[in-house]
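S.K.: Dumping the structure here so I can ask a few things about it.
The values are calculated or read from the model by the stated rules, or taken from the named source; none is laboratory data. These numbers come from a predicted model, not from an experiment. No Cβ is skipped: glycine too gets one built from the backbone with ideal geometry, and neighbour counts run over all protein chains shown. Each accessible area value is taken on the protein alone, full model and side chains, heavy atoms only, with ligands, DNA and RNA left out. Shrake-Rupley method; radii C 1.70, N 1.55, O 1.52, S 1.80 Å.
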Amino acid sequence: MSTESVENRRHRVVVIGSGFGGLFGTKHLKHADVDVILIAKTSTHLFQPLLYQVATGILSVGEIAPATRLVLRKQKNAQVLLGDVTDIDLQTKTVTSRLLNQNTVTEFDSLIVATGAQQSYFGNDKFATYAPGMKTIDDALELRARILGAFEGAELATTQEMRDRLLTFVVVGAGPTGVELAGQIAELADRTLEGTFHNIDPRDARVVLLEGAGAVLGPMGPKLGGKAQRRLEKMGVEIQLNAMVTNIDAQGVTVKDSDGTIRRIESSCKVWSAGVQGSPLGKILADQSEGTQVDRAGRVIVEPDLTIKGYPNVFVVGDLMSVPDVPGMAQGAIQGSTYAAKQIKAGLKGQAPQERKPFKYFNKGSMATVSRFSAVCQIGKLEFGGFIAWLAWLALHLYYLVGYRSRIITVIQWFVTFLGRSRGQMAATEQWVFARLALETVNADEEDADELAAALGAPPAENGKSVEKAKALDKAAKAAADRKAG
């Protein structure tokens, strides 16, 4: 784009990410004298706190992930671009995104980076092959298929050892997501699936919640953590604290206890919810800004006005920003992006960056559901649990769902699920389980191709070396077909 055209166009704000930070930042600029371009690698706005309900058959994808284009349809100054941002150049003020084989370069005057965080395996990324996280729609659908597939496999199991392994579900990490998942898997087995199988009793399922620290819901304190733990244990969930996961494979999990004991949990279905790390874009930004660093989780240590050093027009918000006492929750992203939008609008009116007031986070509290009719809630110094907390959790999440249709359908689905036994979203396909692994096989380095193909069910290469990607995928597909035919 020429210098003349840049000077003649309106101030352009590029927003990266369509989560809470990206969407709220864009919407807050609706009446500003700017053009907003939102770039995201997915076409939807994902309401991540309810993702576990998609994984356990309560809600459909459409209720928690409306199309971003439809959400912003009436905002005339907003444009949505689909693409995975691969580079940010602060000197030329450009963002490069990629969709399929096409690169798109977008210029900006102001930038809001709200790409959020991804699952962290603490350096053991190969665990992801057997224990998916819970950050995307694909993760939720894959986990649903794994959970339901485990019950189906147990129905056909020919040995008790195989049946026990299939009916053992391991959740790694006792934060809100881990607690919610463990509780819902237990309820799925005890209520929804009861009486639906001939050879097994789903109520025999074993749900194990592993936590490397010494408490459930540690950040919420011992009172609420204790309430959640007691409720889960009453539901039959096995809670194992101070248990560090040292290895995960197709057949189970290896755990190291605080006394140094190494033990094994045989399990076919595992899910990882133990940690998060910032988007790689955080490191790209920090490398271009002298004095800006990222923390151990890859989050950008920002200035008091949420910018990076030397670039008052570049804001980092949400889970990618590292600000003391601001948790990686939706409220942090919403408040951060709204603050950034206000600073951009103030700048257009002549306010200098030095005149900005520092960002202040208002803690509205934290919540976590444990089971139907039971949750824990923390608002300031007020801590409570049980049915009232559960109602408060429902109301808050309904409030932040986008669209009246989504809210109405969600209420209906909750009514059916929590007052009855059935769940409306119990469809699952084999493709959901294997699609991620197949894609990883295609994109893998040669040395990883055999391992991924083995996870798909293919035998190792005859020569013991890594096979070419296409051959690995072909073997995996044939193995899956043979397994299905047999």
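Here is a yes/no grid of residues against (1) hydrophobic (A, V, I, L, M, F, W, C); (2) out of contact with any Asp or Glu (no Cβ under 9 Å at 6 or more places or on another chain); (3) more than 15 Å from GLN53 (Cβ to Cβ):
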site: ASP109; (1), (2), (3): no, yes, yes
site: THR115; (1), (2), (3): no, no, yes
site: PHE122; (1), (2), (3): yes, yes, yes
site: ASP139; (1), (2), (3): no, yes, no
site: GLU155; (1), (2), (3): no, yes, yes
site: LEU167; (1), (2), (3): yes, no, yes
site: GLY175; (1), (2), (3): no, no, yes
site: VAL179; (1), (2), (3): yes, yes, no
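S.K.: Another question, if that's okay. If you take the residues of the stretch 285-298 that are of a type in the set (D, E, K, R) and in contact (Cβ under 8 Å) with a residue 12 or more places away in the chain, which of them is most open to solvent (accessible area, probe 1.4 Å)?
M.R.: GLU290
S.K.: While we're here: So for the stretch 82-94 (the condition being of a type outside the set (A, V, I, L, M), assigned to a helix (DSSP H, G or I), crowded, with 17+ Cβ neighbours inside 10 Å and touching a Leu at 6+ places or on another chain (Cβ under 6 Å)), does at least one residue qualify?
M.R.: Let us first name the residues in the stretch 82-94 that are of a type outside the set (A, V, I, L, M), namely 83-84, 86-87, 89, 91-94.
Going one step further and asking which of them are assigned to a helix (DSSP H, G or I), we end up with none.
No, every residue in the stretch 82-94 fails to be of a type outside the set (A, V, I, L, M), assigned to a helix (DSSP H, G or I), crowded, with 17+ Cβ neighbours inside 10 Å and touching a Leu at 6+ places or on another chain (Cβ under 6 Å).
S.K.: Search the stretch 138-188 for residues being acidic (Asp, Glu) and over 17 Å from the mean Cα position of the chain (by Cα), and hand back the single one that is most open to solvent (accessible area, probe 1.4 Å).
M.R.: Going through the qualifying residues, I end up with GLU161.
S.K.: If I ask for residues that are over 19 Å from CYS269 (Cα atoms) and either open to solvent by 50 Å² or more (accessible area, probe 1.4 Å) or in contact with a Leu (Cβ under 8 Å, 6 or more places away or on another chain) (or both), which ones from the stretch 208-228 would you list?
M.R.: ALA213, GLY214, ALA215, VAL216, LEU217, PRO219, PRO222, LYS223, LEU224, GLY225, LYS227, ALA228 - these are the residues of the stretch 208-228 that are over 19 Å from CYS269 (Cα atoms) and either open to solvent by 50 Å² or more (accessible area, probe 1.4 Å) or in contact with a Leu (Cβ under 8 Å, 6 or more places away or on another chain) (or both).
S.K.: Ok, one more. Mind listing just one residue for me: the one in the stretch 370-415 that is over 20 Å from PRO219 (Cα atoms) and aromatic (Phe, Trp, Tyr) and, of those, modelled with the lowest pLDDT?
M.R.: TYR404
S.K.: Could you list, in sequence order, all residues of the stretch 299-326 that are touching a residue at least 24 places away in the same chain (Cβ under 8 Å), farther than 19 Å from ASP89 by Cα and open to solvent by 50 Å² or more (accessible area, probe 1.4 Å)?
M.R.: Answer for the stretch 299-326, where residues must be touching a residue at least 24 places away in the same chain (Cβ under 8 Å), farther than 19 Å from ASP89 by Cα and open to solvent by 50 Å² or more (accessible area, probe 1.4 Å): PRO304, ASP325.
S.K.: Applying the selection to the stretch 122-146, what residues are closer than 14 Å to ALA250 by Cα and assigned to a helix (DSSP H, G or I)? Write out each step before concluding.
M.R.: As a first pass, look at the stretch 122-146 and keep what is closer than 14 Å to ALA250 by Cα: 126-132, 146.
LYS126, PHE127, ALA128, THR129, ARG146, listed by residue number.
S.K.: Still on this model: What number of residues within the stretch 69-81 are in contact with a Leu (Cβ under 8 Å, 6 or more places away or on another chain) and open to solvent by less than 70 Å² (accessible area, probe 1.4 Å)? If you could, list the steps in order and put the result at the bottom.
M.R.: Start the filter on the stretch 69-81 by keeping residues that are in contact with a Leu (Cβ under 8 Å, 6 or more places away or on another chain), which leaves 71-72, 77-81.
Those still in the list that are open to solvent by less than 70 Å² (accessible area, probe 1.4 Å) too: 71-72, 77-78, 80-81.
The number of residues fulfilling the criteria is 6.
S.K.: Considering only residues that are open to solvent by 70 Å² or more (accessible area, probe 1.4 Å) and at pLDDT 95 or above, look in the stretch 264-282 and name the one that is farthest from ALA131 (Cα to Cα).
M.R.: Looking at residues that are open to solvent by 70 Å² or more (accessible area, probe 1.4 Å) and at pLDDT 95 or above, I get ARG264.
S.K.: How about the stretch 346-370: which of its residues are part of a helix (DSSP H, G or I), open to solvent by less than 60 Å² (accessible area, probe 1.4 Å) and farther than 20 Å from ILE301 by Cβ? If you could, list the steps in order and put the result at the bottom.
M.R.: Of the stretch 346-370, the ones part of a helix (DSSP H, G or I) are 346-348, 353-355.
Keeping just the survivors that are open to solvent by less than 60 Å² (accessible area, probe 1.4 Å) gives 346-347, 353.
Matches in the stretch 346-370: ALA346, GLY347.
S.K.: So, in the stretch 51-68, how many residues would count as being touching a residue at least 40 places away in the same chain (Cβ under 8 Å) and surrounded by fewer than 23 Cβ atoms within 10 Å (Cβ to Cβ)?
M.R.: Residues of the stretch 51-68 touching a residue at least 40 places away in the same chain (Cβ under 8 Å): 51-66, 68.
The next check asks that each one be surrounded by fewer than 23 Cβ atoms within 10 Å (Cβ to Cβ); those that pass are 60-62, 66.
Residues that pass the stated criteria total 4.
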